[in-house]
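The next block holds one structure in the form of structure tokens; read it before the comments.
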Amino acid sequence: MQQQNHQIYTIRNINKHSIEEFKTRLSYESWDNIFDNNEYTDVNSLFNSFHNTYLRIFFTSFPNKRITKKSTNNTWITTGIKIACNHKKDLYLLTRNNDDPNLKNYYKQYSKILANVIKEAKRSMYNNQITNSANKIKATWNIVKAETNRLHRPSTNKYQNSLDTFNKHFLSIACFGQNM
């Protein structure tokens, strides 16, 4: 069965715009404290000064961004499947920019084989879950719910408001009729 986890990680947004911003900030830096020909200055302190300035500009141009990603904990995803999915992605990028029909045909065949491998891995995992379960019918329904994204019932019934309104209406009619 699939369980949803939240992975929080950080990335740096490095794109053409941020690279140009980085270059501009580097060009505006004076660097005087590093290029002064002071013979009494230690090479290590010059390097540290350069390094600190460079890192300050780098971290300013490419700030960390926190990303929360919902990930499903699927035991059927093996290392081989992950590698194959990454290879499929690389093939897609190649075929997108290439008109070679042989490459496009290879990509289609690779995609079909990968889809079959994934389907078989899921089937095997689900068979193991059902086989090892004490309540096979419940395990089967949990798998169906997981695959159809119906793991949890909504907390409120969307028809409940209408039902409450009708109930109040008919109760008021019944109470009104008794008072006559």
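Values in this text are rule-based calculations from the coordinates and carry no lab data. Everything numeric in this text was worked out from a predicted model, so none of it was measured. Don't worry about glycine lacking a Cβ; one is built from the backbone with ideal geometry, like all the others, and counts go over all protein chains shown.
Extent of region 75-152 along its three principal axes (Cα atoms, max minus min coordinate, largest first): 53, 23, 17 Å.
Give the peptides 135-146, 93-104 in descending order of average Cβ contacts within 10 Å, highest first.
On the way: 135-146: 13.7, 93-104: 10.9.
Going by the mean number of other Cβ atoms within 10 Å, highest first, we get 135-146, 93-104.
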